[in-house]
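Asker: Below: one structure in structure tokens.
Derivation of every value follows stated rules applied to the coordinates shown; laboratory data play no part. No experiment lies behind these values; they were computed from the predicted model shown. Backbone-built Cβ (ideal geometry, glycine too); neighbour counts: all protein chains shown.
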Amino acid sequence: MQAKNQIAGKFNQLSNQKLQHIQEYEAQKIQLQNSLQLLSNYPDFSDLKNLLSNALNRLKIQREQLEKQQQDHQIIQQIRSHKPAPSTTLHQCEIAIQEIEKQTARLQFPQDYQTEIDQLLQTFKNQIISHQNKLQQIQEQIADENSITLDNIQIEYAKLDSIFKDSSHYQAYQQLQQQIDQLKLQNRENQIIEIFQQLPPEQRINLFKKLSAYL
């Protein structure tokens, strides 16, 4: 009886082994299979055989878990490779967000990395907001009569072309050029009126007659 208990203790210890690395799977599987083969000749150890069979099934599940974790590790490295920089364009931000979301969908255990992924996504979204704010500032400058000169507005606007190009916001960016062109036209008209008003009355009449020919 004591010998049986000793044998049972060893097999119990064997059945409770946990798979730490995938490379250890084959060795542990063979060990369990050999033990089962050995016990098959002893009907009195049917309970131990069930114990080892269950351990063999658990071992397979543990291997599958480790394989999934290994796959997740490779995917999260790909996700981490997406890093925004000040020069990252809107289009690049949009592509990065799409790629991160696509790769996240492939994770077996996304909850293990969700906080990190959410933070990374937010950095790209913040970058988009930052670029949009720059465009909004130009819109506010156009509306402000006391703003910087129109030439400066055009320069700042042109700097954003490569940032917005190919993105879903490029159309909104291009529409702002129409406002700038309209403001340029209005400024030229104001300059002409101002010059016209500064002319002596006789010159104004002569100029008006000449301009009338083109109206």
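Asker: Under a cut-off of 19 Å between alpha-carbon atoms, report the lysines in cross-link reach of LYS49, not counting same-chain residues fewer than 8 places apart.
Answerer: LYS4, LYS10, LYS18, LYS29, LYS60
Asker: OK, next. So for the pair GLN98, ASN133, with labels modelled 7 Å out along Cα→Cβ, what separation do we get in nm?
Answerer: For GLN98 paired with ASN133, the spin-label model returns 2.6 nm.
Asker: Next up: Rg/Rh for region 13-93: what does it come to with C-alpha atoms and Rh from Kirkwood?
Answerer: Details: Rg = 21.6 Å, Rh = 15.7 Å.
Checking Rg against Rh, the ratio lands at 1.38.
Asker: Under 19 Å between alpha carbons, and skipping anything fewer than 8 positions from LYS159 in its own chain: which lysines qualify?
Answerer: LYS134, LYS184
Asker: If I model a spin label as a point 7 Å beyond the Cα along the Cα-Cβ vector, how far apart are those points for ALA85 and ARG106 in nm?
Answerer: 2.4
Asker: State the answer as a single residue: which of GLN33, ALA96, GLN71 lies farthest towards the positive end of the charge dipole of the chain, with beta carbon charges of +1 for Lys and Arg and -1 for Asp and Glu, about the Cα centre.
Answerer: With unit charges placed on the Cβ atoms, the residue in question is GLN33.
Asker: Regarding the chain, what are the three Cα extents along the principal axes, ordered largest first, in Å?
Answerer: Result for the chain: principal-axis Cα extents of 132, 29, 21 Å.
Asker: Determine the calculated [θ] at 222 nm for the chain from helices alone, applying -39500 (n - 2.57) to every DSSP H run no shorter than 4 residues and normalising by the residue count; nearest 500 deg cm²/dmol. Provide the component values of the computation, followed by the final result.
Answerer: Working: 9 runs with 164 residues, N = 215.
The helix contribution divided over the chain gives -26000 deg cm²/dmol.
Asker: Translational diffusion coefficient of region 120-208 at 37 °C, 0.692 mPa s, Stokes-Einstein with Kirkwood Rh over Cα pairs, in µm²/s as a whole number. Please list the in-between numbers first.
Answerer: Working: Rh = 15.5 Å.
Once the numbers are plugged in, D ends up at 212 µm²/s.
Asker: Please name whichever of ILE128, LEU160, ILE117 sits farthest to the positive end of the charge dipole of region 116-163, dipole taken about the Cα centre and charges placed at Cβ: Lys and Arg +1, Asp and Glu -1.
Answerer: Positive-end residue among those listed: ILE117.
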